[in-house]
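Structure, as structure tokens:
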Amino acid sequence: MSEESIISIKNVTKRFPVGDGEFTALREINLEFTTGEFSGLIGPSGSGKTTLLNIMGTLDSPTEGEAIVMGKSVSKLTHRESAMVRNMHLGFIFQVYNLLPIYTVYENVEFSLLLQNRSAAERKQMVMDALEWVGLQDMANKKPSKLSGGEGQRVAIARAMVKRPDIVLADEPTANLDAKNAHAIIQTMKKLNREMNTTFVFSTHDEKVMGYLDRIISLEDGKVIKDEWVEAKFSIS
Amino acid sequence: MKLAFILAFKNLIGAGLRTWLNVGILSFAFVLIIFYNGLLDGWNEQARRDTIDWEIGQGQLHFSSYDPYDPFTILDGHGVIPSAEREGMIPILLRQGTIYPKGRMISALIKGIDVNQTELKLPTHLLRESEAQIPVLIGKRMAKNSNLSVGDEVLMRWRDKNGTYDASGITVAGIFDCNVSMIDQGQLWMDIEKLREITGLTNHATLFITTDMESKSVKNWNYFSQEELLSDLTQMIEMKKTSSSILYGLLLAIALLAIFDTQVLSIFRRQKEIGTYIALGMTRMRVVGLFTVEGSMYSFLATIVGCIYGVPLFLYLAKTGIGMPDANQEMGIVIAERVFPVYGIGLIISTVILVVISATIVSFIPARKIAKMNPVDAIKGKIQ
Ligand SMILES: Nc1ncnc2c1ncn2[C@@H]1O[C@H](COP(=O)(O)OP(=O)(O)OP(=O)(O)O)[C@@H](O)[C@H]1O
Ligand SMILES: [Mg+2]
């Protein structure tokens, strides 16, 4: 594992305007993430996990402080530049899978590659590889509405992984899954993390997920109250 | 851009019935615009041709005090052109008269014309060939009004140059059928030489029809080019086009409103999709472009669908023509019993462009909202 810093959160504060005043969702957060980490943000509802992930994903920017992702300061990126960073370097996995309903599984996974203007042959190879990682080669032509929850989330993983991103940000990826599927999903991700050295950052309430993490960062009221490296409880075969 | 088209197409097909409804209305607007314009163009073309062939020739020379819109000028609106200058022109002399078919009294405009002319389609050879003392030609409308048929004799009364009444029997030598009611309704055509003789107006004419397009300048006579003489007709068609453009403006507005509505709704309903596109690395402007293309795609589909049912319809109508009610002809409008629509490439292309551009604009207006969306809220589907 390389020790290179891939995400660096420096004194980040995030406030949202609410009514007349403001709500502080993150308070002076300082965190470093290195390449290949498999870490998670935990904490009660409203503690700021999603807000922090969104900033790391260049979908939002800090009110104060600086977030540096892949060497670029998030608040200084133009729309075009942040779209480029997301397209080339970041993969997202959401709690609700956010698959595009009118596209087939194959097309959903292919989408980022279309944005990258890759050739048809290259796209096909990459999509089939990604579907193989998540064990859904046979579902390529199905519509998302025909999939079970576990399958849907696996498609979402394939979609995030297909472009071989540097970082995958997964916001409560197992919240809608049963235990068996949750384990399967997280194991798939851990395997990809090991094989490709992709950095994963989760947000989760799920004990099962926590059992696989190498590092657990606890948030409360927008503050980091604990940040520790742990021995993973579950391992992958 | 190509990607936007592929995605837009998939999205539209995926949206099913709603898409086809919008496409249906739009294509209907589209087909109707082309149909109606084609009808007017066809009418215009036929009416111009008929008017030139039957009434105005290549141009006309009117005696200065003669005004075709004022029947009172007929009495004194005539003169003589020296023979050297009237080379190649067909003289027409107008006189007021009355006929008495079966005891009825019908006032008629008597028109004397050179029986050897070939410029107008008027069958003047029938006058030349007739053995009757005063043969006349009448149009089918006049024949119907006066209840006269070929060979019938009827009494005609007129005034000579001194204002004295005179009367004689005339014989119908032929009935012609043409769409130009201006040379038919209430008119009798006869040999100009005979008319000059019975009125004492030797060598006089009210107007001359020229056989070439060259402008003539003769003292006391006014020259009117073919285009000037057709200007009434041109204006009427233009007016029809303008008034009908209100109709298709309205129709198009309804179709565009439907697209606008669909766009607003789909942008609202598809927030998560929009957020996902942004998360996957599309810029907001690219998503705006995607939705705009999607909306303008309605116009492409409408063009295709419009062609599918429009082209056979247009071809059929262009071949068989469309029957026109008689009422139009009675009103002095030059219109054939069957009008054959003419569909110009220019008309079709400009209609397609109009529809595509307006559909693109109404799709872009709601899509602009996407640029201001917060992707985080969009992903959660939280925007109200
Ligand atoms: N756009 C916003 N405007 C106002 N307040 C917001 C906004 N986004 C988040 N918040 C608030 O910030 C706080 C942190 O929200 P966040 O979604 O990051 O929490 P979370 O830790 O992900 O919670 P959960 O476990 O429920 O997902 C919450 O109290 C939330 O209400
Ligand atoms: Mg959250």
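The values are calculated or read from the model by the stated rules, or taken from the named source; none is laboratory data. Remember, predicted model here, so these are calculated numbers, not experimental data. We place every Cβ from the backbone using ideal geometry, glycine too, and count neighbours over all the protein chains shown.
Of note:
- Within the range B:217-267, being surrounded by 16 or more Cβ atoms within 10 Å (Cβ to Cβ) and among the small types (Gly, Ala, Ser) holds for B:Ser225, B:Ser244, B:Ala255, B:Ala258, B:Ser266.
- Residue pairs whose Cβ atoms lie under 7 Å apart, separated by 6 or more positions or on different chains, with the first residue in the range A:91-103 and modelled with pLDDT under 85 and hydrophobic (A, V, I, L, M, F, W, C) and the second more than 16 Å from ligand 2 (Cβ to nearest atom) and not in a loop (DSSP other than H, G, I, E, B), are A:Ile102/B:Lys10; A:Ile102/B:Asn11; A:Ile102/B:Gly14.
- Residues of the range B:1-31 satisfying the condition of being under 19 Å from B:Leu251 (Cβ atoms) and aromatic (Phe, Trp, Tyr): B:Trp20, B:Phe28, B:Phe30
- None of A:Thr58, A:Thr50 is within 12 Å of chain B (Cβ to nearest Cβ) and either farther than 14 Å from A:Leu169 by Cβ or within 12 Å of ligand 1 (Cβ to nearest atom) (or both) except A:Thr50.
- Residue list for the range A:1-43, restricted to those being over 13 Å from A:Ile68 (Cβ atoms), exposed (fewer than 14 other Cβ atoms within 10 Å of the Cβ) and of a type outside the set (Phe, Trp, Tyr): A:Met1, A:Ser2, A:Glu3, A:Pro17, A:Val18, A:Gly19, A:Asp20, A:Gly21, A:Glu22
- Test: residue in the range A:87-102 that is assigned to a strand (DSSP E or B), within 18 Å of the chain's Cα centre (by Cα) and within 16 Å of ligand 2 (Cβ to nearest atom): yes
- Residue in the range B:182-203 that is under 25 Å from B:Pro68 (Cα atoms), touching a Ser or Thr at 6+ places or on another chain (Cβ under 6 Å) and assigned to a loop (DSSP other than H, G, I, E, B) present: no
- Those strands (runs of 3 or more DSSP E) lying entirely in the range A:1-83 with at least 1 residues among the charged types (D, E, K, R): A:5-18, A:21-34, A:64-69
- Positions within the range A:117-141 being within 21 Å of A:Gln95 (Cα to Cα) and outside any helix (DSSP H, G or I), in sequence order: A:Val134, A:Gly135, A:Leu136
- Beta carbons closer than 8 Å, at least 6 apart along the sequence or on distinct chains, pair a first residue in the range A:12-41 that is over 30 Å from A:Lys190 (Cβ atoms) with a second that is surrounded by fewer than 16 Cβ atoms within 10 Å (Cβ to Cβ) and basic (Lys, Arg) for A:Arg27/A:Lys223; A:Glu28/A:Lys223.
- Only listed residue being out of contact with any helix residue (DSSP H, G or I) (no Cβ under 7 Å at 6 or more places or on another chain) and either part of a helix (DSSP H, G or I) or aromatic (Phe, Trp, Tyr) (or both), chosen from A:Asn193, A:Asn181: A:Asn193
- Exactly one residue out of A:Phe200, A:Phe234 is part of a strand (DSSP E or B) and either within 13 Å of ligand 1 (Cβ to nearest atom) or more than 14 Å from chain B (Cβ to nearest Cβ) (or both): that is A:Phe200.
- The single condition among (1) over 14 Å from A:Ile93 (Cβ atoms); (2) within 13 Å of chain B (Cβ to nearest Cβ); (3) within 16 Å of ligand 2 (Cβ to nearest atom) that A:Ala170 does not meet is (1).
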